[in-house]
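Here is the structure we will look at, set down as structure tokens.
The values are calculated or read from the model by the stated rules, or taken from the named source; none is laboratory data. Model, not experiment: these values are computed from the prediction. Glycine also receives a Cβ, built like all others from the backbone with ideal geometry; neighbour counts cover every protein chain displayed. The accessibility values were calculated without ligands, DNA or RNA, using every heavy atom of the protein model including side chains. Shrake-Rupley method; radii C 1.70, N 1.55, O 1.52, S 1.80 Å.
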Amino acid sequence: MSAQSSASPEFALEVKNLMKSYGAYPGVWDVSLTVEQGTLHGFLGPNGSGKTTTMKCVMGLLHKTSGLIKVFGEEPHGDARELKKRVGYMPESPSFPAYLKGREVLITYGRIRAASDGARLREESRSLLQQVGLADAAEKPFGKYSRGMQTRLGIAVAMLGKPDLLILDEPTEGLDPVGVADVRNLLEGLVSEGRSVLLSSHQLSEVKQMCGKVTVVNKGRTVIEGSVEDLAKRLHGGIVYRAEFDSLAPDLMDELKTVDGVSEVTSVEEDVVAVLISKDYDVRPLLARLAVKHGSLLLSCEREETPLEELFISLVKENK
Amino acid sequence: MGLILLASFYFAYLVPIIFGKSITEERTLLGISFGSGLWWVNAVYDVFDLFASGLFPLLIGGFIAADSLATEFDENTIVPLLSQPVKRSEVYLGKFFAKFLLLLAVAVLFTLVTVGLSQASLGAQGNLGMIPLVVFAELGAFLEFAAIGFFLSSIARSGMMVLGLLIGLFFGVIWTVLLLGFQFGIQEPMFLLPVANAAFLLQVVAYYVFQPWGVMVLQGVALGALTQQVAVTVISAMEYVLAGLAVNLVAFLVAGYYFFRKAEVKG
């Protein structure tokens, strides 16, 4: 393996204009994403949108047709052995030899990974099983694990050797709500240690809770990348505040429209308006002053939170 | 399960060989029967050469190899494996080496069981110093077909597909033997065919022990009839058969690795 060095890369992972085709069938057309170091990055998209293909290209399990992949500023070549030491990967349905017990799976892959020497590897395996909640199932063969347990073990294997970047394909799939919460805590703990995580998921609410930034893909193309707030801004063309006044006179309505940064004011209910602002600033003090000026009162003013599901569906529909 | 079936088949076939001593005029003429002190070699050779030249090593070597790589692809266990910081060459050769050890164990066990059964049934026969060479010959043939199994696994990446290809190869072996006459393999480029040298290896090794500087008189079967007799020195036969083995082993391993390196994991 050879790799081009780059000093102190800002991104744990950079994918630019990735294309992967299977003969005439395009798996991925144009996917770009960047995972900043020390962050948890969500990778969203409907089934067959190219998430798994992208992750497999990053791991060298599929050979890209064109585009750029950089892991910690270096482009993986050949077996990318050195880079893979810094990356842990959990496939969508992790599969290990059915006869191996949970503990043995970790020891075996730890040895392959040369993660640490014998005694430390045993200790690391014990600790990982504890972290993913499989301590009680350590001596059970993998073939007898439930789907959720298989996912947990897959996460533990990906964490072997404390990689700097974890790439997790649907890590909450098959988990019960407690399991999902456990994984969330686990991943947040990893990020607090400065490690980076890219996770694909269909659990949009989980992505919203866990991830600072998300990349949305559809039909093999990146639709949008940014924070959840950025996505909402992009969807609505700005930030929306819902303001309720004591009374809403027409002159107040007119003046609201002239405020710097306000691009649209829409009446929602009686005395309630939706104010769309193109600048990211707190508009509430200004609205309160305007209300008083027009003999009214600002009763409430809250920033509208667009559900991620709604955003996701809108973005996907937009790009059909 | 497959191994149990094979073992049952093996014992069912071995019993008449042991009790009938398996010596016929034709077999003596073909140079594949040894004297009364070597009944056990006859037994080994007969099982090894079951029905058609090279079938036994094809089944053992090919299926054991297919159970290695192709199964990893079938069960998707190849994904976590190739995601680790290891070279694909290490994975490929590591798996081949693991199968090498297994095949060595099979060769040793097969020979010892055959010798034991033969001695128990027909009495002490001697020449047991030949056992390591017989094991070597069996292992060589097993490995040759294991290399083919690895090659097929790298291309097909499916256990069922490899199984189909191996069965196809088996029928190819039968037709090759019937139509071309494999004994001439030592004189013609056909010596490169795995089927020509895998089973023949055992025979040449047996001759080599007793008369390394001697001459083997060979006669094959082609188009259903006995071919013309050919006399070759044991040394040249050994050279040909080992060269064929080495060429096949390396060629299939390298070709298999080429495809394994390019293999994509789509599942």
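Would it be correct to say that A:D136 is under 24 Å from A:M149 (Cα atoms), of a type in the set (D, E), out of contact with any helix residue (DSSP H, G or I) (no Cβ under 7 Å at 6 or more places or on another chain) and more than 14 Å from chain B (Cβ to nearest Cβ)?
yes
Residues being at pLDDT 75 or above and more than 14 Å from every other protein chain (Cβ to nearest Cβ): count how many of those fall in region B:217-257.
26
Go through A:L187, A:L198, A:L204 for me and flag whichever is surrounded by fewer than 20 Cβ atoms within 10 Å (Cβ to Cβ) and within 27 Å of A:I155 (Cβ to Cβ).
A:L204
Condition test on A:G48, is it more than 19 Å from B:V86 (Cα to Cα), open to solvent by 10 Å² or more (accessible area, probe 1.4 Å), within 14 Å of another protein chain (Cβ to nearest Cβ) and outside any strand (DSSP E or B)?
Yes; evaluated as a whole, the condition is true for this residue.
Against the condition among the aromatic types (F, W, Y), open to solvent by less than 30 Å² (accessible area, probe 1.4 Å), without any contact (Cβ under 8 Å) to a residue 60 or more places away in the chain and assigned by TED's automatic domain parsing to the domain that holds A:V223, how does A:Y109 come out, does it pass? Even if it seems obvious, please write down each step before you answer.
Numbers: among the aromatic types (F, W, Y): yes; open to solvent by less than 30 Å² (accessible area, probe 1.4 Å): yes; without any contact (Cβ under 8 Å) to a residue 60 or more places away in the chain: yes; assigned by TED's automatic domain parsing to the domain that holds A:V223: yes.
Yes; evaluated as a whole, the condition is true for this residue.
Do you know which residues across region B:74-106 are more than 7 Å from every other protein chain (Cβ to nearest Cβ), under 20 Å from B:V162 (Cα atoms), open to solvent by 60 Å² or more (accessible area, probe 1.4 Å) and of a type in the set (D, E, K, R)?
B:D74
Could you say which residue among A:S278, A:S263 is closer than 28 Å to A:V207 by Cβ, surrounded by fewer than 16 Cβ atoms within 10 Å (Cβ to Cβ), among the hydroxyl-bearing types (S, T, Y) and not assigned by TED's automatic domain parsing to the domain that holds A:G27?
A:S278
May I ask you to say which residue of A:G174, A:G143, A:G161, A:G179 is open to solvent by less than 10 Å² (accessible area, probe 1.4 Å) and not basic (K, R)?
A:G179
Considering every residue within region B:131-140, establish whether at least one is open to solvent by 30 Å² or more (accessible area, probe 1.4 Å) and at pLDDT below 80.
Scanning region B:131-140, I find no residue that is open to solvent by 30 Å² or more (accessible area, probe 1.4 Å) and at pLDDT below 80, so the answer is no.
Do we find that A:L199 is within 13 Å of chain B (Cβ to nearest Cβ), in contact with a strand residue (DSSP E or B) (Cβ under 6 Å, 6 or more places away or on another chain) and within 27 Å of A:F11 (Cβ to Cβ) in this structure? Reasoning before the result, please.
Details: within 13 Å of chain B (Cβ to nearest Cβ): no; in contact with a strand residue (DSSP E or B) (Cβ under 6 Å, 6 or more places away or on another chain): yes; within 27 Å of A:F11 (Cβ to Cβ): yes.
In short, no.
So is A:G42 surrounded by 16 or more Cβ atoms within 10 Å (Cβ to Cβ), in a loop (DSSP other than H, G, I, E, B), modelled with pLDDT under 95 and more than 13 Å from chain B (Cβ to nearest Cβ) or not?
When the stated conditions are applied, A:G42 does not pass them.
Here's the yes/no breakdown for (1) within 30 Å of A:V259 (Cα to Cα); (2) at pLDDT 85 or above:
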{"residue": "A:V157", "(1), (2)": "no, yes"}
{"residue": "A:H202", "(1), (2)": "no, no"}
{"residue": "A:V217", "(1), (2)": "no, yes"}
{"residue": "A:G220", "(1), (2)": "no, yes"}
{"residue": "A:I224", "(1), (2)": "yes, no"}
{"residue": "A:S247", "(1), (2)": "yes, yes"}
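Looking only at region A:105-112, decide whether some residue is closer than 29 Å to A:P9 by Cα, touching a Leu at 6+ places or on another chain (Cβ under 6 Å) and more than 9 Å from chain B (Cβ to nearest Cβ).
Yes: region A:105-112 contains one or more residues that are closer than 29 Å to A:P9 by Cα, touching a Leu at 6+ places or on another chain (Cβ under 6 Å) and more than 9 Å from chain B (Cβ to nearest Cβ).
Keeping to region B:54-73, report how many residues are over 20 Å from B:V250 (Cβ atoms) and within 14 Å of another protein chain (Cβ to nearest Cβ).
Summing the residues that are over 20 Å from B:V250 (Cβ atoms) and within 14 Å of another protein chain (Cβ to nearest Cβ) in region B:54-73 gives 4.
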